[in-house]
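K.L.:
Below are the structure tokens for one structure; questions will follow.
What follows is calculated from the coordinates using simple rules that are stated; it is not laboratory data. None of the values given here were measured: they were computed from a predicted structure. We place every Cβ from the backbone using ideal geometry, glycine too, and count neighbours over all the protein chains shown.
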């Protein structure tokens, strides 16, 4: 967990190696394992550390409204991840399309990526996912995410989508 601090411009004061990460602000644990990271609206200009992809017990990631402008790290190993809230950031240095690996997170229920700069098609790997809520609207690039009715139609549990 301490590796994550390397990507923060401003590290929360209690994020020190001397303290158990389960006591850190914005970190929620269950049975001694990190299950949620909530660093929303901290006005932290930073990146998302690749170390994030190693927190295999993570179920919720909230980093919205932070002006994050780095590539989205690979999250494939996060098989427990259920909720991703990364809206209102500044993803301008990532490939300008939705990373294909997001559709392979089999437990992902909510994906909120509105108000970024993403473009491109909705990846086929989203078909068959258990997503119930998908938010990809208001991309600042001026382009819209190319919706694919065949992909959306193959998302049987989807109850809300904003493209």
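K.L.:
Please report the antiparallel percentage of DSSP beta bridges with both residues in the chain, rounded to the nearest 5. Mind dumping the intermediate values first?
P.N.:
On the way: 4 of 21 bridges.
Bridges in the chain are about 20 percent antiparallel.
K.L.:
Kindly provide the helix-only [θ] at 222 nm of the chain, computed as the sum of -39,500 (n - 2.57) over DSSP H runs of four or more divided by all residues, to the nearest 500 deg cm²/dmol? If you can, show how the numbers build up before the last one.
P.N.:
Details: 1 runs with 5 residues, N = 163.
Helix-only estimate at 222 nm: -500 deg cm²/dmol.
K.L.:
Arranged by the count of other C-beta atoms within 10 angstrom, fewest first, what order do 56, 159 take?
P.N.:
159, 56
K.L.:
Just to be sure I understand: with springs between alpha-carbon atoms less than 10 Å apart, which residue in 99, 17, 50 has the highest mean-square fluctuation in the Gaussian network model of the chain?
P.N.:
17
K.L.:
Can you check what the Kirkwood hydrodynamic radius comes to for the stretch 1-89, Cα pairs only, in Å to one decimal?
P.N.:
On the way: mean 1/r = 0.0765 Å⁻¹.
The answer is 13.1 Å.
K.L.:
Taking only the Cα atoms of the chain, how large is their convex hull per residue, in Å³?
P.N.:
96
K.L.:
Considering the chain as a Gaussian network with a 10 Å cut-off on Cα pairs, which listed residue, 16, 119, 59, attains the greatest mean-square fluctuation?
P.N.:
Checking each option, the largest mean-square fluctuation is seen for 16.
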